[in-house]
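Working notes, structure below.
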Amino acid sequence: MPYWVRMSIYHCRGISFDEARILAETGTNVSASPGFGQVHARTPITELLEMGATVAISTDGTSPSTSFDMFQAMRKTQFVHQAALRDYYYLPPGKLLEMVTIDAAKCIGWDDEIGSLEIGKKADVITVNLHQPHLTPEFMHVHRLVFQAVANDVEHVIVDGKLIMEGRNVRTVHESTVLDEANEEAFSTIKRAGLEKYMQPTKYFWGHARAYVDEKRYNEREDAAAMVKGE
């Protein structure tokens, strides 16, 4: 790593063409997460790429509407930009796969160690089970991975040459225990913050074409905020 620090910034939604050009010219890396916000103010991924910038696909996960599944993130990214630009040919599957592997490694300054399978790099590898109905027939493998695979299709995970997950069984921790502890901590945090009421569906949840602000919840939140401020 040289003496200067590699810069990587996140989202970059709604930036201008000139701002995108500055990022490309200064070698600033960009990571972007797909989501509805891209409809209102798009990260100019295709423009940045065409100007020579490095862009990685990332995710804000995890929430009911977002996950850490990078396969889904690739598809969402492609859909958002093809729709925005009205061009079916933007972000081909090979580039999308690069954006979650070698380009992601470049964004964090580790592309000399990880991100691709090369002599001298750490052996960070996943294997995907393609012998499944939704991934059949077994040809055009990159297309299958990008367009049809999901995180649960990953069979084995190797990190720095060490087998971490084998046959979807994590070898380094007791997965069920970790999940139970994570759930307990999440519910505890929600309770401490007084957010239980926001976990329940509103009256517009079922049978309505559009959701609306729940006035009761909204007023309770405003009253709580006023109390905190001493109003």
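Miscellaneous remarks
- Taken over the stretch 50-64, the criterion of being under 20 Å from the mean Cα position of the chain (by Cα), in contact (Cβ under 8 Å) with a residue 12 or more places away in the chain and open to solvent by 20 Å² or more (accessible area, probe 1.4 Å) is satisfied by Thr54, Ser58, Thr59, Asp60.
- Number of positions in the stretch 38-59 that are more than 17 Å from Lys106 (Cα to Cα) and in contact with a Lys or Arg (Cβ under 6 Å, 6 or more places away or on another chain): 2
- Only a single criterion out of (1) out of contact with any helix residue (DSSP H, G or I) (no Cβ under 7 Å at 6 or more places or on another chain); (2) at pLDDT 95 or above is not satisfied by Ala41, namely (2).
- Where a residue in the stretch 96-112 is small (Gly, Ala, Ser) and its partner, wherever it lies, is surrounded by fewer than 18 Cβ atoms within 10 Å (Cβ to Cβ), with Cβ under 6 Å and at least six apart: Gly109/Arg6
- Against the test of being within 23 Å of Pro93 (Cα to Cα), open to solvent by 20 Å² or more (accessible area, probe 1.4 Å) and part of a helix (DSSP H, G or I), the options Glu47, Glu19 yield a single qualifying residue, Glu47.
- From the options Val100, Val142, residue that is among the hydrophobic types (A, V, I, L, M, F, W, C), at pLDDT 95 or above and within 21 Å of Ala32 (Cα to Cα): Val100
- Check on Ala83, open to solvent by 40 Å² or more (accessible area, probe 1.4 Å), more than 19 Å from Met140 (Cβ to Cβ) and among the aliphatic types (A, V, I, L, M): yes
- The stretch 120-134, residues that are open to solvent by 60 Å² or more (accessible area, probe 1.4 Å) and either more than 20 Å from Thr172 (Cα to Cα) or touching a residue at least 60 places away in the same chain (Cβ under 8 Å) (or both): Gly120, His131, Pro133, His134
- Selected residue (criterion: nearest to the chain's Cα centre (by Cα)) from residues of the stretch 135-161 that are free of Cβ contacts under 8 Å to residues at least 24 places away in the same chain, open to solvent by less than 80 Å² (accessible area, probe 1.4 Å) and within 18 Å of Gln72 (Cβ to Cβ): Gln148
- Taking (1) surrounded by fewer than 16 Cβ atoms within 10 Å (Cβ to Cβ); (2) within 16 Å of the chain's Cα centre (by Cα) in turn, Glu25 satisfies each apart from (2).
The values are calculated or read from the model by the stated rules, or taken from the named source; none is laboratory data. Quick caveat: nothing in here was measured; it's all calculated off a predicted structure. Reconstructed Cβ throughout: ideal geometry from the backbone, glycine too, with neighbour counts over all protein chains shown. Please note that ligands, DNA and RNA were not included when accessible areas were found on the heavy atoms of the full protein model with its side chains. Shrake-Rupley method; radii C 1.70, N 1.55, O 1.52, S 1.80 Å.
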